[in-house]
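Read-outs: derived from the displayed coordinates by stated rules, not from any lab. Here the structure is a predicted model, which is why all the values come from computation and not from measurement. Cβ placement follows ideal geometry from the backbone for every residue including glycine, while neighbour counts extend to all protein chains displayed.
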Amino acid sequence: MNVYCPKCRKRTDHKVKVTTTKIKPGRTLALGTRRHKRKLAGYHGKVKGKAKVKKQGIRNKIMLECKACKYKFERVISGRMKKKAELKK
């Protein structure tokens, strides 16, 4: 794939690899998480509950590696999608 390399400062040939990231679980020591756990403790029942929302699609990313200088950088392609991006041969 011929794209601009920020290190070489010119358009060079790049090696492409699809790297999509899943949504990670929240931090257990974050203030909001600890407050929520405190509210759930004891004989008090549930707190609010969760909204019924559509699942958020994963952000499709590609890892580009410059063949000239071996510099790697990530680029988001096509925003959020349900399916993983595919490379055409």
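Within the set of other residues whose C-beta is less than 11 Å from the C-beta of Lys22, count the net charge using Lys and Arg as +1 and Asp and Glu as -1. List each step's numbers first, then the result.
Details: positive: Lys24, Arg59, Lys84; negative: none.
Spelling it out: positives minus negatives among the neighbours equals +3.
In deg cm²/dmol and to the nearest 500, what is the mean residue ellipticity at 222 nm of the chain if only DSSP H runs of at least 4 residues count, each as -39500 (n - 2.57), divided by the residue total?
On the way: 1 runs with 10 residues, N = 89.
That comes out to -3500 deg cm²/dmol.
Find out how many positive minus negative residues lie around Ile62, taking Lys and Arg as positive, Asp and Glu as negative, among other residues whose Cβ is under 9 Å from that of Ile62.
Summing Lys and Arg as +1 and Asp and Glu as -1 gives +2.
Report, in degrees rounded to the nearest 10, the 0 to 90 angle that the Cα long axis of helix 31-40 makes with the longest principal axis of the chain.
So the helix axis and the longest Cα principal axis differ by about 30 degrees.
Suppose every Lys and Arg Cβ carries +1 and every Asp and Glu Cβ carries -1, with no other charges. What dipole size does the chain come out with about its Cα centre, to the nearest 20 debye?
I would put it at about 400 debye.
Report the Rg/Rh value for the stretch 1-60, based on alpha-carbon coordinates and the Kirkwood definition of Rh. Could you put the intermediate results ahead of the total?
Values: Rg = 21.7 Å, Rh = 16.6 Å.
Rg/Rh: 1.31.
For a paramagnetic label modelled at 7 Å from the Cα of Val76 toward its Cβ, which residues of the stretch 1-33 fall within the zone defined by backbone nitrogen distances under 14 Å?
20-23
I'd like to compare 50-59, 3-12: which one has the highest average count of other Cβ atoms within 10 Å, and what's the full order after that? Before the final figure, lay out each step's value.
Working: 50-59: 8.7, 3-12: 12.4.
Packing order, densest peptide first, comes out as 3-12, 50-59.
Residues of the stretch 1-30 with amide nitrogen under 15 Å from the 7 Å Cα-to-Cβ point of Cys69?
Under cut-off, by backbone N: 3-15.
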